[in-house]
Amino acid sequence: MLYIQKKQEPDSLTKYRKQRFAHFDGYPNKDDIRRQLLEEQDHLCAYCMRRIDQEHMKIEHWYPEDRLTDKERLEYKNMLGVCEGHIAGSKGADDTCDAHKGNELIVVNPQERSTVDKIKYRTATGEIYSEDASIQKDLHITLNLNSEKHQLKKNRKDTLDAVIREMRKLQQNGVWNRKIMESMLSFYESTHSGGMKKEYAGIVIWYLQKKLNTTQ
């Protein structure tokens with residue numbers, strides 16, 4: 001999971017919210033929201049870091065819609081872009097992200113660096129976890145971010161393993177060069193073609209930051 005810094009909401013949403021009886025389902029320009037969310041999140045799901053696009057994403061209300069008033073449902077700061085959360089023909093217990101979360105309240109919030117900073121990964125398996133019990137519940141159970149069906153652990157591990165193999169090619173005498181690590185970290189922190197960040201970039205960023213913090 002990556003920290004998301006919210007930007008200004010779309011003008012069309014600002015104008016619509018001023019209308020009498022405005023409500024989320026009645027807002028006609030949801031593609032404006034989708035485009036803005038994709039830009040903010042570098043085209044990655046706010047929870048699992050899979051690639052999303054305007055045709056294959058959902059607008060998620062971090063604080064559940066059924067607990068909000070019509071006006072509150074139009075608050076852009078509560079919206080995230082997420083993946084569809086299911087494999088075709090396989091909706092239900094194996095869903096992930098918003099599709100699995102439903103209307104449950106969660107603690108972990110991609111917009112709060114304090115909670116994102118408590119997220120870790122197991123390099124041997126690609127598992128995402130936290131030593132904070134509430135965040136761990138959100139990651140593993142409510143959002144189902146270690147789903148075997150969706151191969152999320154495997155995909156994260158494969159992404160990290162590819163980076164480690166590349167780093168080993170670049171290293172000299174078995175020593176991890178700090179400059180090379182910083183360059184690789186910058187690459188994964190940055191966006192590339194079409195404003196996109198690499199899928200599952202979070203595990204690579206976490207790993208390289210950890211290595212840099214222990215390297216003189």
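Of the chymotrypsin sites (Phe, Trp or Tyr not before Pro) found in segment 1-106, the ones in coil according to DSSP and having at most 12 other Cβ atoms within 10 Å of their Cβ are 21.
Relative contact order, whole percent, for the chain stands at 19, derived from Cα pairs under 8 Å and 6 or more residues apart. For residue 101, neighbours were defined as the other residues whose beta-carbon sits under 12 Å from its Cβ, and their charges (Lys and Arg +1, Asp and Glu -1) total -4. What the phi angles of segment 53-70 give under the Karplus curve with 6.51, -1.76 and 1.60, with θ = phi - 60°, is a coupling list of 9, 4, 8, 10, 6, 10, 8, 9, 9, 4, 8, x, 4, 6, 9, 10, 7, 4 Hz, glycine and proline written as x.
With loop membership from DSSP and a limit of 10 other Cβ atoms within 10 Å, the longest segment of the chain without GluC sites (Glu not before Pro) is 56-130.
The phi torsions of segment 21-37, fed into the Karplus equation with coefficients 6.51, -1.76 and 1.60 and a -60° offset, translate into couplings of 6, 4, 8, 4, 5, x, 6, x, 10, 5, 5, 4, 5, 4, 4, 5, 5 Hz, rounded to whole numbers, with Gly and Pro shown as x.
Each Lys and Arg contributes +1 and each Asp and Glu -1, all at the Cβ; summed about the Cα centre of segment 94-216, the dipole is approximately 660 debye.
A helix-only calculation puts the chain at -10000 deg cm²/dmol for mean residue ellipticity at 222 nm, using -39500 (n - 2.57) for each DSSP H run of at least four residues, averaged over all residues. Taken as Cα centroids, segment 1-17 and segment 111-153 sit 26 Å apart, rounded to the nearest whole angstrom. Over the chain, what percent of the accessible surface lies on carbon and sulfur atoms, probe 1.4 Å? For the chain, the apolar C and S fraction of the accessible surface comes to 45 percent. For segment 1-104, a simple Cβ point-charge model (Lys and Arg +1, Asp and Glu -1, everything else neutral) yields a dipole of about 360 debye relative to the Cα centre.
Sorting 30, 77, 120 by accessible area puts them as 77, 120, 30; the probe is 1.4 Å, largest comes first, and only protein heavy atoms count.
Accessible area per residue for the chain, computed on protein heavy atoms with a 1.4 Å probe, is 54 Å².
For segment 151-167, the Karplus equation 6.51 cos²θ - 1.76 cosθ + 1.60, evaluated at θ = phi - 60°, returns couplings of 6, 5, 4, 4, 5, 5, 5, 4, 5, 5, 4, 5, 5, 4, 4, 5, 5 Hz by residue, with Gly and Pro reported as x.
If you line up the long axis of helix 178-189 against the longest principal axis of the chain, both from Cα atoms, how many degrees apart are they, to the nearest 10? That helix lies at roughly 20 degrees to the long axis.
The values are calculated or read from the model by the stated rules, or taken from the named source; none is laboratory data. Not measured: the values here are computed from a predicted model. FYI the Cβ positions are ideal-geometry reconstructions off the backbone, even for glycines, and counts take in every protein chain you see. What goes into the accessible areas is simple: the full protein's heavy atoms, side chains included, and nothing from ligands, DNA or RNA. Shrake-Rupley method; radii C 1.70, N 1.55, O 1.52, S 1.80 Å.
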